[in-house]
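A short worksheet on the structure shown next.
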Amino acid sequence: MHLIWPAEHARPIDDDELERLYTYPDRERWLAVNFVASADGAVEVGGLARPLSTPPDRKVLRLGSDLADVLLIGANTAMVEGFRGVHPDPDTLGRRRRHGLADVPPTAVVSTGRTLPADAPVITRARVPTIVLTCASVPVPTRRAWQEAGADVVVAGEDTVDLAAAVCALTRRGLRRIDCEGGPHLFGALTAAGLVDELRLTVSPLLTAGPAGRIATGPPTPPTGLRLATALAEDDTLLLRYLTPSR
């Protein structure tokens, strides 16, 4: 893998330096959003992000979760992608222990109740209890069913999930390194709430055309300028890290 930005430091890098680049800063809270998109901007192929992924993308996506305190994901994305939480292999365990992290990071799922059944794999197949971030308007029986299935339910907001309050609930639990893995609606809402610190974007060397959406959706928000922190290239894949203005 080659570091190509900052230009004055352009050079090949090894896995140890790659890990250092993707380590979360020592801040009170850091929320990084991960996405892969085709070169023509598609966020999915056939309804899934997986066909866009490449080996370099999977390498940095794994670093994002390996070095995080918690994974944050939208309920619809968790269901569509069949997400079942982190099941660490020996490499992941070794990396997390070197960084003083718990062996298994929990997954926090944002849901208003419509697309997250109690038997969802992200709840029933997770190694540690999944945190469901929801709102007061979700019926009590739905919330109780999540709890009975093993989830830790956190109510943040009344009619919709108050993401600022939800993120605060995570940080109060010591889960301050937050790795968001989609989807586009959650990314759009996090952006609107001013909660994103870093965007980790993989540009996949594919052209797909078609009706696929973009990496962030939702009501329009004022454009936010980004600062390019690093750019890496490997096997025609471009790996970008952007920081928001306050970072």
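For the range 118-247, carbon and sulfur atoms together expose 55% of the accessible surface, with a 1.4 angstrom probe and every protein chain in place. Here the calculated FRET efficiency for D14 and A229, from their Cβ-Cβ distance with R0 = 22 Å, stands at 0.70, rounded to the nearest 0.05.
What does the helix-only formula give at 222 nm for the chain: each DSSP H stretch with n ≥ 4 adding -39500 (n - 2.57), the total divided by the residues, and the result rounded to the nearest 500 deg cm²/dmol?
Per the formula, -7500 deg cm²/dmol.
A cut-off of 5 Å between modelled amide H atoms, ignoring neighbours fewer than 5 places along the same chain, links V70 with R177, D179. Computed from the Cα positions only, the extents of the chain along the three principal axes stand at 56, 42, 33 Å, in decreasing order. Annotation for the range 173-247 versus the range 12-31: alpha-carbon center distance of 16 Å.
For the chain, the per residue solvent-accessible surface stands at 48 Å², with DNA, RNA and ligands left out and a 1.4 Å probe. Rounded, prolate or oblate: which fits the range 1-120 when a ≥ b ≥ c are the square roots of the eigenvalues of the alpha-carbon gyration tensor, with rounded for a/c under 1.5 and prolate only if a/b beats b/c? Since a/c reaches 1.5 but b/c is at least a/b, the shape of the range 1-120 is classed as oblate. Of the beta bridges in the chain, as assigned by DSSP with both residues counted there, near 45 percent are antiparallel.
How would you rank 63-76, 36-49, highest first, on the average number of other Cβ atoms within 10 Å across their residues? Could you put the intermediate results ahead of the total?
Numbers: 63-76: 22.6, 36-49: 18.0.
Averaged packing, sorted descending, gives the order 63-76, 36-49.
Rounded to 0.05, the FRET efficiency of the D26 and D89 pair, given R0 = 25 Å and the Cβ-Cβ distance, is 0.40.
Taking 0.36 nm per residue of sequence separation and removing the Cα-Cα distance, the R127/R98 pair yields an extension gain of 8.4 nm. Put simply, the amide H of V110, placed in the peptide plane, has neighbours under 5 Å in I73, G74, A75, L133, leaving out anything fewer than 5 places away on its chain.
The values are calculated or read from the model by the stated rules, or taken from the named source; none is laboratory data. All values reported here derive from a predicted model rather than from experimental measurement. For neighbour counting, all protein chains shown are included, and Cβ atoms are generated from backbone atoms with ideal geometry for every residue, glycine included. In case anyone asks, the SASA skips ligands and DNA or RNA and just uses the protein heavy atoms, side chains included. Shrake-Rupley method; radii C 1.70, N 1.55, O 1.52, S 1.80 Å.
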